Amino acid sequence: MDKQSLAVLIPVITMFFTGLIAFSFTRLGKAVAKRLEGGGVDTETAPRLARLEADQDRLHRELADAHDRLDFAGRAIARERNRSELPGGAS
């Protein structure tokens, strides 16, 4: 590498690291640092996350129940339709 390209590269690297250091003092930078350290969920977020997960589980169960009822109703309608099409069926 020649001296001219190195002379251009030094200010670019200096600006990059200066920006990185400045970013680390912002709220977003602190959140990223905390996440990288492994402490992703703080004390305020943990209960809210637990409630949201419980709500998601409840909604999942309700949706499964609704699917079961819909399947049952569809089978009952199909059975009634087939019964009325048979000769001597209840019509």
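Every number here is computed from the coordinates shown, using simple stated rules; none is lab data. These numbers were taken from a predicted model, which means no experiment stands behind them. Don't worry about glycine lacking a Cβ; one is built from the backbone with ideal geometry, like all the others, and counts go over all protein chains shown.
The modelled label-to-label distance for the pair residue 10/residue 24, using points 7 Å beyond Cα in the direction of Cβ, is 2.3 nm. For residue 77, project a label point 7 Å along Cα to C-beta. Then give me every residue of region 25-66 with its amide nitrogen under 17 Å of that point. Inside the label zone: 66. Listed options for log10 I(q)/I(0) by the Debye sum over Cα atoms at q = 0.17 Å⁻¹ are (i) -0.73; (ii) -0.63; (iii) -0.91. The value calculated from this structure is the one marked (iii).
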